Amino acid sequence: MSSKRKPTNTKWSHEFDTLRRENLFKNPPQDHSAYPLLVQAISPHIESFNEVFREGGLVTKAIRDIGTKYYLDGDERTGPAGKNVLSIRVKDVVVQKAMLPPSNKFTTKRHIFPAECRERHVTYRGRMEANLQYKVNNGDWHSFTRDLGQIPIMLMSNKCHLEKNSPDLLVQRHEEAEELGGFFVVNGIEKIIRLLIVNRRNFPMGILRPSFKGRGAAFTQYGILIRSVRPDETSQTNVIHYLEDGNCTFRFSWRKNEYLIPVMMILKALVDTNDRAIFEGLVGLPGSKATKNSFLTDRVELLLRSYKHYGLYTKRKTRAFLGKKFRIQLGVPDTMSNYDCGTEFLRKIVLVHLGNVDVTEAQDNDKFKMLLFMISKLYALVGGDCCGDNPDAVQNQEILLGGFLYGMILKERLEDWLGTNLRLVLRDYLRKTPGNNFATQEFAKQLPVRLMGRTNENIGQALEYFMSTGNLVSPTGLDLQQVSGFTVVAEKINFLRFISHFRMVHRGSFFAQLKTTTVRKLLPESWGFLCPVHTPDGSPCGLLNHLSHKCKIMTKSVNASAVPQLVVDLGVVTGSSDIDEAVIVTLDGKVLGWCTPKQSLLIADTLRYWKVEGSHNVPKELEICYVPRSQGGQYPGIYMSSSPSRMIRPVKYLALDKEDFVGPQEQPFMSIAVIEPEIVSGESTHVEFDPTNILSILANMTPFSDFNQSPRNMYQCQMGKQSMGTPGTATRYRSDNKTYRLQTGQTPIVRAPLHNDYGFDNFPNGMNAVVAVISYTGYDMDDAMIINKSAHERGFGHGTIYKTKKIDLSEGQRSRSITYMKKAFGFAPGDEAKGRQGGIDEDGLPFVGRLVQDGDILCCWHTVYVDASGALKNRDGVTHYEKYKDGETAFIEEVRLIGGENGSDPLSMISIKLRVPRSPVIGDKFSSRHGQKGVASQKWPMIDMPFSESGMQPDVIINPHAFPSRMTIGMFVESLAGKAGALHGLAQDSTPFRFDEENTAGDYFGHQLMKAGYNYYGNEPMYSGITGEELHADIYVGLVYYQRLRHMVNDKFQVRTTGPITKLTGQPIKGRKGGGGIRVGEMERDSLLAHGTAFLLQDRLLNCSDYQKSWICKSCGTFISTQPTVSAYANRRKGTGKVRCRQCARKIEGALGSGTGETWDDGHGQRWVGGEDTTIVAVPGVLKYLDVELAAMGIKLKYNVGTA
Amino acid sequence: MSRETYEAPNTGSGSRAPALGRGNAESALGGEGPATQYKCGDCNAQMKLKRGDPIRCLDCGHRVLYKERTKRMVQFEAR
Ligand SMILES: [Zn+2]
């Protein structure tokens, strides 16, 4: 086709668009996706990863921060004089796309696509190389390259083959037409790095935390915390603590250790200053209002006075002092002077966002000003002039993006490699060959290859470990509060679940253990950023949130370079705060200047106008947080941010009637109307585009959710993610352990337009069902539902489970090549005939399409060795069989033979995909989209179902009692709307907040029903299917979209009378898998007792549990002294059948005893007489165990045995 | 995932894997036993492979092969 196609339409409404969708399926677009909203939803993941490796990206910035490492040769114990200096640095890091290794010479297609990695259960990764440079003393720089292993690559990122692929191309590459990327393929499993909530960067937060008091003597609960972020996205948290006497201490953590420094020392080290300048910086010029605040002046005076005893007056001296104290911690070379070391300390640790590489004097001055501001805020906090900032509010939070975290780990690995690792190798080298100093030829020859080869340079493996386990192995801890749980599997149970993973934001596993619930609370600050509905109930409630669907996360900083000059033009004074009651103006944690409170409002308003207008080079994504002066409210000022990781969301700016982006920090101080009628003239500056913008993608899919009681909407968000749906269309090329598929999915009649915008019709998630709300049979009590048997036969809810079983014969081996081969698929010679009977093919693999049942053979293998000619020969003539061990019948769907990436390895791994058909059975779980779950209780024959006047019969019957307490009115409305939609052939728009008291939903859909000749209220007269009589009440019938949930009885049922037991106690084992029992606990026992069903209780607790017959001695009343007797004349197998009590018996000394009674032999050659008073009793097995345990502690149990 | 359950991948340290002393992989690997029909996972080409043969498509070099659906009668009880 040469004619130019029209670009793919991306506008969607709530209509069915059946033909348009069909066409999209038949002819996947060759330009771009038809669902841009989907692409947008996951873009923070991909964009953040792209930031890492793009030109001038995070890695480049990280390399600059790492800088050059210096090493000295010679004896460690002697001083630096006369030693050679080796300088080494990373020039750049190059990552290649996923390619076949050069050893594979069998193909010209060198790319490895993600689909292949999924199928082969390997990691989608690309080789990473570092270009290094080194010089000795002041020689020239020499370059060399080192291979750093293969790193996992995010799909659809700029290092992925799928980047910018059209849907058409994606289909050719065995992906979903709407493949989104944003995850990694690790060992064939899709993994995603969770979005994490962290403190807002570069903003000094006032913290009131009682636990601060425990940090040491004189510490108080007051502190100012700033999470300072370097350009490479790594962060360093600085805290200033307020001490009881009014002093301030600077705290930071370095390599997991905490350090404290008087804040004055940092101030003096940063710039050449004097006490007067510091005093005026904190209090103001003489004569200003603040100087009369004796609370402040007293404390500042003390701050200055108490520092005197250090005797460090100049910047030079102070830096040298700091340098001397921290040289070890910083790991600087011996040649560096103390002063330079102090400079290095300030560069690496103090307010790093204001300068971390080649720090200029101006930058040091910025740091100085910021520190002064922090101290002022701290004193204001202590004095009660301002309140603390809430670290649990979104206002003071931002998102740690997956890509950024990935970059942070990469940076740390690089630094560790060049810093720590190489140091050890060099030391070792110098110790072994002291002759070869750095200046020798020999060293120059060995460094790039031999010596670097000894370092642990497989950074790729470290990253793969991180992706695979989610564990962070880090010497610094990366300024994070957790070390595990960073990655999760992006399960593709259905598409809703899959997409939710990318919108998921976690508060951090540290907070999961917290006993207080404050962190979990839904705060008003979250409005529009985090969905109030979409959070799970139970332990992760409120910690695991989901982004509102319009909320974006910035992945780049916006260009705000014009802002500093603009604010100066608007009247901000850059010098010192010599204005009375000055209000601070900052941009990204840098003090721009001060202005009067009056000016500050004007400046904020002007900047906002400009940013929406797009003039004066003020970017639209700039956040301008104007905090007004208040009585004990938040510390006033204008805090602007242009940094990445911020959440932003679109709202309409009323002054220009244009889109504006607001951030969580500024939002609490703005007046944003939710709907147009709410706008208050002169107060509201913004209005929401749509009230549904606050909901997450999933919460938006709940029809008429505004009619429901809110917890029901939360339940639906959970159940939507558990429903059996359509995971995708490329299931053939996937090898998930377990996937679910609904065979008869439909598009819902009632849906929001967003349903189409997000392309959910590509992944049907349920079925439209005719639902009657009636108590009809008695089988619908307590949330059970009745399914029409004929509906079931038509395929209602029919589903399938696909299970993939990987069989790897080379597990644990180093290589898959033929020389290492120990096992091979197939039969040992002579066993081939057995294959035919066992149902497997000549190659030892199952026939594709075959039915397998419990115990059937899946495949077989035998042990082999490689003979001289290179052929595989069987070792022992034994064929081993792998069996199918599930109780359910399944079909062999696919058998995949998996080769190595060299293309030369013989078969050592296969994966078998099994298909388990799962038609709905009694006990399977279904739910509507309103948190109304129920269990199928009967398949009711069609002839016995009630029918309406037009002859319609319900597919599903639910009990009316499901409604009064749950108040899911949305389900009633959906039923009405669905009915009207089906009758008229309409798709019904179910967006919440569209109806009100005047225009009710019931009226709107009621009239539609009337038009179709039905009852306005949705009720219909119905007739009993059994008697044919009209039912006394009209029945509420309509169409509701039903989801089949993945919890099915076939995976859950647990039955046993006898079976495996625990050896120790004789009681049944735990767990369904091993055929164990279900515990009858105290409460169950109480219940049986209360019912007077003592025999049932005995059956459960004894007969079906650890019932045991045991010998006991009646006279001494114990189990443990009984023993069987031995006799030379007795039957070998049965023994004598006599059991005697050893304790009651008397040992016979000498030849023969006194002759009172029968003698017996104990098997040790000892003869006894007596102890005959034994009998058999039935006891629980644990009783005997208890007896033995107590006996071991010297406690005797005595049983009084009577007769029954 | 706990640290203990993690298993370092053993397939492809690629060039890092020890080079094996086999010049021509093809000739050394004269497979034996019965040949079975397989299909390429990429180009759909059909090929017959014997035991010990390297697993790759003879046409395109792809490394995932599918076993073909059996031609034997597959009959199930209709329920
Ligand atoms: Zn092929």
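The table for this structure:
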read-out	value
Hits in segment B:45-71 - residues which are closer than 22 Å to A:LEU872 by Cα, within 14 Å of the ligand (Cβ to nearest atom), out of contact with any Ser or Thr (no Cβ under 8 Å at 6 or more places or on another chain) and at the interface with chain A (Cβ under 7 Å from one of its Cβ atoms)	B:ILE55, B:ARG63, B:VAL64, B:LEU65
Residue ranges of strands (runs of 3 or more DSSP E) in segment A:835-936 with at least 3 members crowded, with 18+ Cβ neighbours inside 10 Å and within 14 Å of another protein chain (Cβ to nearest Cβ)	A:857-866, A:890-898, A:909-918
Among the candidates A:MET374, A:MET370, A:MET408, residue that is over 28 Å from A:GLU51 (Cβ atoms), buried (at least 20 other Cβ atoms within 10 Å of the Cβ) and not aromatic (Phe, Trp, Tyr)	A:MET374
Condition check for A:ILE697: under 20 Å from A:HIS14 (Cβ atoms), away from chain B (no Cβ under 14 Å) and either crowded, with 20+ Cβ neighbours inside 10 Å or in contact with a helix residue (DSSP H, G or I) (Cβ under 6 Å, 6 or more places away or on another chain) (or both)	yes
Filter result for A:VAL122 (among the aliphatic types (A, V, I, L, M) and either assigned to a helix (DSSP H, G or I) or free of Cβ contacts under 8 Å to residues at least 12 places away in the same chain (or both))	no
Output for segment A:450-472, where each listed residue is touching a helix residue (DSSP H, G or I) at 6+ places or on another chain (Cβ under 7 Å), β-branched (Val, Ile, Thr) and within 14 Å of chain B (Cβ to nearest Cβ)	A:ILE459
Qualifying residue in segment A:301-311 (condition: of a type in the set (Lys, Arg) and crowded, with 20+ Cβ neighbours inside 10 Å)	no
Test for A:SER790: is it within 30 Å of A:GLN40 (Cα to Cα) and either among the small types (Gly, Ala, Ser) or within 13 Å of another protein chain (Cβ to nearest Cβ) (or both)	no
Which numbered condition A:THR516 fails, given (1) touching a residue at least 40 places away in the same chain (Cβ under 8 Å); (2) more than 30 Å from A:GLU280 (Cα to Cα)	(1)
In segment A:269-290, the residues that are crowded, with 16+ Cβ neighbours inside 10 Å and polar (S, T, N, Q)	A:THR273, A:SER288
Residue within segment A:74-89 that is within 14 Å of chain B (Cβ to nearest Cβ) and either closer than 28 Å to A:VAL352 by Cβ or of a type in the set (A, V, I, L, M, F, W, C) (or both) present	no
Pick from segment A:632-666, criterion assigned to a strand (DSSP E or B) and among the hydroxyl-bearing types (Ser, Thr, Tyr), ranking: surrounded by the fewest Cβ atoms within 10 Å (Cβ to Cβ)	A:TYR653
Members of segment A:1-56 that are charged (D, E, K, R), in a loop (DSSP other than H, G, I, E, B) and either touching a Phe, Trp or Tyr at 6+ places or on another chain (Cβ under 8 Å) or within 26 Å of A:HIS501 (Cα to Cα) (or both)	A:LYS11, A:ARG54
Candidate set: segment A:962-986, residues that are closer than 13 Å to A:VAL1040 by Cα and of a type in the set (Gly, Ala, Ser); chosen: the one surrounded by the fewest Cβ atoms within 10 Å (Cβ to Cβ)	A:ALA982
Qualifying helices (runs of 4 or more DSSP H) (wholly inside segment A:313-390; at least 3 residues being within 24 Å of A:GLU301 (Cβ to Cβ))	A:315-330, A:361-383
Qualifying residues in segment A:801-829 (those that are charged (D, E, K, R) and more than 8 Å from chain B (Cβ to nearest Cβ)) - the one nearest to the chain's Cα centre (by Cα)	A:LYS803
Scan of segment A:501-532 for residues that are at pLDDT 95 or above and β-branched (Val, Ile, Thr), ordered by number	A:VAL505
Cβ-Cβ under 6 Å pairs, at least 6 apart or on other chains, segment A:76-91 side modelled with pLDDT of 80 or more, far side charged (D, E, K, R)	A:LYS83/A:ASP73; A:ASN84/A:ASP73; A:SER87/A:LYS135; A:ILE88/A:LYS69
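The values are calculated or read from the model by the stated rules, or taken from the named source; none is laboratory data. Owing to the predicted nature of the structure, the values given are computational and were not obtained by experimental measurement. Using ideal geometry, Cβ is built from the backbone for each residue, glycine included, and neighbour counts are taken over all protein chains shown.
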